[in-house]
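Notes to accompany the following structure.
The values are calculated or read from the model by the stated rules, or taken from the named source; none is laboratory data. These numbers come from a predicted model, not from an experiment. Glycine gets a Cβ as well: all are built from the backbone with ideal geometry, and neighbour counts include every protein chain shown. These accessible areas exclude ligands, DNA and RNA; they are computed on the full protein's heavy atoms, side chains included. Shrake-Rupley method; radii C 1.70, N 1.55, O 1.52, S 1.80 Å.
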Amino acid sequence: MTNLIKSASQEMRGIIMSAMGVLVANGSFPAEALPAFNIEIPADKTHGDFATNAAMVLAKPLKMPPRKIAELICSEAVLDGSCFSKCEIAGPGFINFFLSQSWFSNVVSSVLSDGNNYGRTSTGNGKKILVEFVSANPTGPMHIGNARGGAIGDCLASVLDWAGYEVAREFYVNDAGNQVEKFGKSLFLRFMQICSAEGQSLITKCPDNESFCQAIYDDAETFPMPEDVYLGVDIIAHAKNYYDANGSELSAKDESEIKTTLSNYALPLNIEGLERDLKKYNITYDTWFRESVLHNNGDVMKIVELLKERGYTYEQDGAIWFQASKFGDDKDRVLVRANGIPTYFVPDIAYHYNKLVTRGYDIAIDVLGADHHGYIPRMRAALTALGIDPSRLDIVIMQMVRLVRNGETVKLSKRSGKAITLSTLLDEVPISAARFFFNLRESNSQFDFDLDLAIEQSSQNPVYYVQYAHARICSIISNLAAEGISAKKLSDEQMNVLTQPEEIALIRYIASLPNEIDTAARDYDPSKITRYSVEIATLFHKFYTACRVKGESEEILQARLSLCNAAKIVIKNTLDILKVDAPEQM
RNA sequence: GCGUUCGUAGCUCAGCUGGAUAGAGCAUUAGACUCCGACUCUAAAGGCCGCAGGUUCGACUCCUGUCGAGCGCACCA
């Protein structure tokens, strides 16, 4: 739980505050409330490790030039016994503070003692967060958008865990409602086609299932399908598999029974498939929450009743409406259709009610595709109407992924039967690379997934760059071990020989990991950690070319070996957050 | 039309919720292994931060307008 950047920054604030206290006491500053000032980390390290704009914000109320104020503050700043070695005035009136050598040494020893927990913070204070992501329809395989959602959601959950939240991962299974109806209808139609004379003759022509399914799919004239059903070959395959196992007997039953039977047969298989594919992608969920539960236990209708009781519903054209516009939504929304069936909105409210009230999570996060962003105000409106603080629901929107192959965008369509599935993607692209790639950018920016590039496994994919840094460190350590040299535990004083610019730059960045985790958690942006890992690898590679470990004097060698071990820990920890392998050799 | 996300180097993107001379990677050019892994490193070149106003000591960052792109705007989910 060490965050040396944060504690240094707090120490600096204390120094400035007491300096200003002295100045007020001796009459140099007025006793009135002084404006708030910032402490920041300058991009340019010649401007110190920390800088404050205190003198500049004071200029106006004190009617004094900022540099003059800065001089006064600096003259009263007591650095003895602090982690700072000096402070100076620069530019228009910034006061720049420089960290002492012992601070840097302390960073290395702290990392070594925290080990695989280095970077963890307690910012979340054990708040319970539920992260729901992917939640793909169980009516078909997952596509590339789900792959992005999976990588983002899973890593976001890790980041929050590292930031001290109590995190659970959940998959919401839409195993009820309209799309399941549609699923049953699609299976029914395909099953009847298989049992038809045309289907039977095709079976003799195509003995293996793969070519059979493709043949039916391709021949839309002989085997026509309506617009509003699922057309993918996976549907045909389910129908064919059922047929292979049970024959055509079912086709004599009435339509609704066929639909139910086939749906009950195929849906569990699909859900197992989702679980299997996600596991392959290194994602395991704490819970798989089924929508059907909410229908069966009466929660869905209970929501309608609750909203009615509170007086936020009305009837119009035979439907029951929710006054969403009273709570910031664009317009009112239908809860129960004129035909008596609730819209998807109601079980969704029930689901969020279940998360936040029944199960008592402090915060629920949904990772959703950009095509769902319009749904946020309506869900917040519903929560507000139910007396739940809507800020407890946070939505992470991820923009669409465009798949690029040979420089051309591949049209994504669940219905075409040809969409690239998560499973086939992982056959082509290494899992680590895919996860890393999908977390390289903010979720809220659209990007092109260049299939050729990802498959190529070239060094353009930064995951290899980071992994190489890790392997390189392991190699240094094992080379030294072969000579009988192992790392010793050093005191901070012994570490004070780490003064080269490359060493200092590396240590400084190592020290910022806890901060980085906090901001990634605050912004719900795991891509910050991905970029952090690339940067730490860069700084290590630079250190490596500038500073030798092997062959140096005992004291330098040991200090650098400690630094290598610290860097290794940091790379390993960040890759763990991303669930990317940290290989010892490549 | 309304809402929403976005527009930064030739390309792909950072820029820490207002700070100092706007940063990386790829691509281009020129260099570095008798030495811990060259899957690496050093350097050059590359910019009206979409455009126009405004707010202030100070704007890529905040506000307004405008142009361009993606995504939404069902008694579908």
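Quick notes on this structure:
- Surface composition of region A:247-360: carbon plus sulfur atoms hold 47% of the accessible area, using a 1.4 angstrom probe and ignoring ligands, DNA and RNA.
- Three-way shape call for region A:244-344 based on the alpha-carbon gyration tensor, with the a/c threshold at 1.5: oblate
- Region A:75-121: C-alpha pair distances exceeding 12 Å, %: 69
- By definition, a body whose alpha carbon gyration tensor gives a ≥ b ≥ c is oblate when a/c is 1.5 or more and a/b is not larger than b/c, and chain A fits this oblate description.
- Counted charge near A:Met56, where neighbours are those whose Cβ lies closer than 14 Å (Asp, Glu -1; Lys, Arg +1): +2
- For chain A, the 222 nm mean residue ellipticity estimated from helices alone, with every DSSP H stretch of n ≥ 4 adding -39500 (n - 2.57) and the total spread over all residues, rounds to -16000 deg cm²/dmol.
- Cross-link table A:Lys488/A:Lys568; A:Lys331/A:Lys528; A:Lys279/A:Lys302; A:Lys302/A:Lys326; A:Lys279/A:Lys572, entries beyond 25 Å C-alpha to C-alpha: A:Lys331/A:Lys528; A:Lys279/A:Lys302
- Of A:Ile144, A:Ala505, A:Val167, farthest towards positive along the dipole that unit charges on Lys, Arg, Asp, Glu beta carbons give chain A: A:Ala505
- Shown here is the pair-distance distribution of region A:133-175: with all Cα-Cα distances grouped in 5 Å bins from zero up to the longest one, the shares run 5, 23, 25, 21, 13, 8, 3, 0 percent.
- Formal net charge of residues neighbouring A:Ser423 (Cβ-Cβ distance under 11 Å; K, R +1; D, E -1): -2
- Globularity index of region A:166-316, i.e. its alpha-carbon radius of gyration over 2.2 N^0.38 Å: 1.31
- Rolling a 1.4 angstrom probe over the protein heavy atoms with all chains in place gives chain A an accessible area of 45 Å² per residue.
- A 1.4 Å probe, protein heavy atoms only, puts the accessible area of A:Met192 near 70 Å².
- Nearest-10 value in Å² for the accessible area of A:Cys474, using the 1.4 Å probe: 10
- Square roots of five times the Cα gyration tensor eigenvalues for region A:286-367, Å: 23, 15, 11
- Taking label points 7 Å from Cα along the Cα-to-Cβ direction, A:Gln494 and A:Glu166 give a separation of 4.2 nm.
- Gyration tensor verdict on region A:432-536 (Cα atoms; rounded if a/c is under 1.5, prolate if a/b is larger than b/c, oblate otherwise): oblate
- Computed FRET value (nearest 0.05) for A:Asn26 with A:Ala505, which takes r as the C-beta separation and R₀ as 45 Å: 0.65
- Computed lengthening from A:Arg359 to A:Glu255, 0.36 nm per intervening residue step minus Cα-Cα distance: 33.5 nm
- GluC sites (Glu not before Pro) within region A:187-295, DSSP loop, no more than 15 other Cβ atoms inside 10 Å: A:Glu221, A:Glu227
- Normalised per residue, the volume of the convex hull around the Cα set of region A:275-419 (Å³): 172
- Altogether, the Stokes-Einstein calculation at 25 °C and 0.890 mPa s, with the Kirkwood radius of region A:170-238 over Cα pairs as Rh, returns a diffusion coefficient of 191 µm²/s.
- Here is the P(r) of region A:25-100: all C-alpha pair distances, binned every 5 Å from 0, give 3, 16, 26, 26, 17, 10, 3, 0 in whole percents.
- Kirkwood Rh in Å, taken over region A:204-263 so that all alpha-carbon pairs contribute: 12.6
- The tail of the calculated P(r) for region A:519-586, taken as Cα-Cα distances beyond 17 Å, holds 51 percent of the pairs.
- Ligands, DNA and RNA left out, the 1.4 Å accessible surface of region A:465-538 is 52% carbon and sulfur atoms.
- Proximal lysines relative to A:Lys45, as straight alpha-carbon distance under 16 Å, when same-chain residues fewer than 8 apart are discounted: A:Lys86
- Using a probe of 1.4 Å on the protein chains alone, the accessible area found for A:Trp321 is around 60 Å².
- Span-like helix ranges in chain A, DSSP H, alpha carbon extent 18 angstrom or more, Kyte mean at least -1.0: A:4-25, A:101-114, A:144-162, A:178-195, A:233-246, A:255-280, A:462-482, A:527-546, A:554-578
- Taking N as its residue count, the alpha carbon Rg of region A:36-166 over 2.2 N^0.38 Å: 1.63
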